[in-house]
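Undergrad: Could you have a look at this structure, given as structure tokens, before my questions?
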Amino acid sequence: MTSRRVQRTYLTLILLQTLSISLIWGINTLFLLDGGLSLTEAFIVNAGFSAGMVIFEVPTGVVADAAGRRISFILGGVTLLLTTLAYYWLWSIQAGLLPWTVVSILIGLGFTFFSGATEAWLVDALKATGFKGAIDDVFGRSQTVMGAATLLGLLTGGFLAQISLGVPYLVRSGILLAVIGAGYLTMHDIGFEPKKAPSLISGIRSIVRDSLTHGFGNPAVRKFMLGAPFSVGVFFWIYYAFQPYVLELFEREDLVFLAGLAAAVFALAQIVGGALVRRVRTLFRRRTSFIAGAVVAGSLGLAGVGLAELLPVPIGFWVAVALFGVVSLSEGMSTPVRQAYMSEVIPSEQRATVLSFDSLLGNSGGLVGQPLLGRVADVYSLGIGYLVSAALYLMRLPFVLGVRRLDLEADRSGLPPVQPRGIM
């Protein structure tokens, strides 16, 4: 297998995986309400998903390091397929809160089998096939593919839901079959040998110990991980809060289609951000300078979104939409660079587990940040909520600057062979 084929395989898997996931993003709450749940119960079910992500992140990362990235990926596809069909069944019988919550937790389990394993497989396979380019570019292309697949999934899911709210879940199940098949046929572990241990328990203990050593024991990785909750936790809230916020800014709650701008702007920003990573990255000598600039831009953008409620209608609406695009673009460009930095400083044997632990910390921020910001918005206003989210998002900056002060080689790599004069 050549490095070019590795990249094509990775991008194909990302495309299918993201398309299957995003089909239900725009209608999931409506689906839960139509399934007999109250609004409060629907959010309890969604909290179950977040809890599942937190609970299972490290154990499933251990599976990827002990049994192989391919097995972890396939387990993720199978788990999501079964739980998606279970969701459809619960909807059809108008089930109660408990079974919905249990299945939601298991959906979180499916997602954790994916997280970390796919990126770790890519890095290992590229190194094994003699890849000489910048891995930032590959992650940037994957960001573009994810954005395009998300946009397609959102539009397709909304159209299918006009037929029946259950149809997107059946179509998602079909795409997940393709995900499983593609993983089985193309995602062979290259450049990685699963650890052989005398027993499963001792193997897990060994991998967890090693992953903590190369996670929290690695100063650069530790700082990145400690800053993750301020990014992921905030983004969960600003994404879902933007839908009612734009209707409020337009003062036309009957124009529900405007809420779709939240998802569309986010998806388009991913596409553009991924495409611009290579070009903008060359302006910075250090990866951390690039990430720090994105954090500042994102925080200022969030503050502007919050202040948009002070502007007259419909100016506030358009300002908020434009600035939300800036925030999404900043995050879309900085995420691939952060991924590339962390992948370079984590050993191959522990890479999947450490990346999963990073995802765990980020999702834990969502568990705390969403109710906190929701309460602020409920007591004051959504605009105030965005101002608070801007402050929380900026709290990532000291951690990024802490990584920069370490002055590691990974901070200066990732540029093309011939580069323009950097500004930082």
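Undergrad: When you scan the stretch 145-170, how many residues do you find that are touching a Leu at 6+ places or on another chain (Cβ under 9 Å) and over 22 Å from GLY36 (Cα atoms)?
TA: 11
Undergrad: Still on this structure: Take the residues of the stretch 143-167 that are over 24 Å from the mean Cα position of the chain (by Cα) and of a type in the set (S, T, N, Q): which is modelled with the lowest pLDDT?
TA: Taking the candidates together, the pick is GLN162.
Undergrad: Let me ask something else. Would you confirm, using the coordinates I've provided, whether LEU122 is touching a residue at least 24 places away in the same chain (Cβ under 8 Å), of a type in the set (A, V, I, L, M), in a helix (DSSP H, G or I) and under 30 Å from LEU37 (Cα atoms)? Spell out how you get there, then give the answer.
TA: Values: touching a residue at least 24 places away in the same chain (Cβ under 8 Å): yes; of a type in the set (A, V, I, L, M): yes; in a helix (DSSP H, G or I): yes; under 30 Å from LEU37 (Cα atoms): no.
Answer is no for this residue.
Undergrad: Hey, another quick one. When you go through (1) open to solvent by 20 Å² or more (accessible area, probe 1.4 Å); (2) over 16 Å from the mean Cα position of the chain (by Cα); (3) over 28 Å from ARG70 (Cβ atoms) one by one for PRO347, which number turns out not to apply?
TA: Of (1) open to solvent by 20 Å² or more (accessible area, probe 1.4 Å); (2) over 16 Å from the mean Cα position of the chain (by Cα); (3) over 28 Å from ARG70 (Cβ atoms), only one is false for PRO347: (3).
Undergrad: Looking at (1) open to solvent by 40 Å² or more (accessible area, probe 1.4 Å); (2) within 16 Å of VAL296 (Cα to Cα), find the lone condition where PRO314 falls short.
TA: Condition (2) is where PRO314 drops out.
Undergrad: Further question on the same structure: Consider VAL103 carefully, then state whether it is at pLDDT below 85, part of a helix (DSSP H, G or I) and crowded, with 18+ Cβ neighbours inside 10 Å.
TA: no
Undergrad: Right, something else. VAL272 is checked against (1) without any contact (Cβ under 8 Å) to a residue 40 or more places away in the chain; (2) open to solvent by 40 Å² or more (accessible area, probe 1.4 Å) and fails just one. What number does that condition carry?
TA: Among (1) without any contact (Cβ under 8 Å) to a residue 40 or more places away in the chain; (2) open to solvent by 40 Å² or more (accessible area, probe 1.4 Å), VAL272 violates only (1).
Undergrad: Looking only at the stretch 130-149, how many residues end up being open to solvent by 40 Å² or more (accessible area, probe 1.4 Å) and either within 21 Å of LEU16 (Cα to Cα) or of a type outside the set (Gly, Ala, Ser) (or both)?
TA: Looking only at that region, the number is 5.
Undergrad: Which numbered condition in (1) small (Gly, Ala, Ser); (2) at pLDDT 75 or above; (3) open to solvent by less than 10 Å² (accessible area, probe 1.4 Å) is the only one that ALA322 fails?
TA: (3)
Undergrad: So, one more: Under 8 Å between Cβ atoms, which residue pairs at least 6 apart in sequence (or on different chains) link something in the stretch 81-101 that is of a type outside the set (Val, Ile, Thr) with a partner that is crowded, with 20+ Cβ neighbours inside 10 Å and outside any helix (DSSP H, G or I)?
TA: Partner pairs satisfying both residue conditions: LEU90/GLY35; TRP91/GLY35; TRP91/LEU165; GLN94/GLY35; ALA95/GLY35; LEU97/LEU37; TRP100/GLY35; TRP100/LEU37.
Undergrad: Does SER334 count as assigned to a helix (DSSP H, G or I) and within 30 Å of GLY68 (Cα to Cα)?
TA: Considered against the rule, which asks whether it is assigned to a helix (DSSP H, G or I) and within 30 Å of GLY68 (Cα to Cα), SER334 comes out as yes.
Undergrad: I've got another one for you. Output the number of the condition that LEU258 fails; it satisfies all remaining conditions of (1) at pLDDT 70 or above; (2) open to solvent by less than 50 Å² (accessible area, probe 1.4 Å); (3) touching a Lys or Arg at 6+ places or on another chain (Cβ under 8 Å).
TA: Condition not satisfied by LEU258: (1).
Undergrad: Follow-up. Kindly indicate the residue of the stretch 42-80 that is among the β-branched types (Val, Ile, Thr), touching a residue at least 60 places away in the same chain (Cβ under 8 Å) and touching a Gly at 6+ places or on another chain (Cβ under 9 Å) and also most open to solvent (accessible area, probe 1.4 Å) among those meeting that condition.
TA: VAL78
Undergrad: Does GLU57 fit the bill of being modelled with pLDDT under 85 and farther than 24 Å from GLY191 by Cβ? Please lay out each step first, then the result.
TA: Details: modelled with pLDDT under 85: yes; farther than 24 Å from GLY191 by Cβ: no.
No.
The values are calculated or read from the model by the stated rules, or taken from the named source; none is laboratory data. Everything numeric here is computed off the predicted structure, so don't read it as measured data. Cβ: placed from backbone, ideal geometry, glycine included. Neighbour counts: every protein chain shown. Protein only, heavy atoms only, side chains kept; ligands, DNA and RNA dropped before computing areas. Shrake-Rupley method; radii C 1.70, N 1.55, O 1.52, S 1.80 Å.
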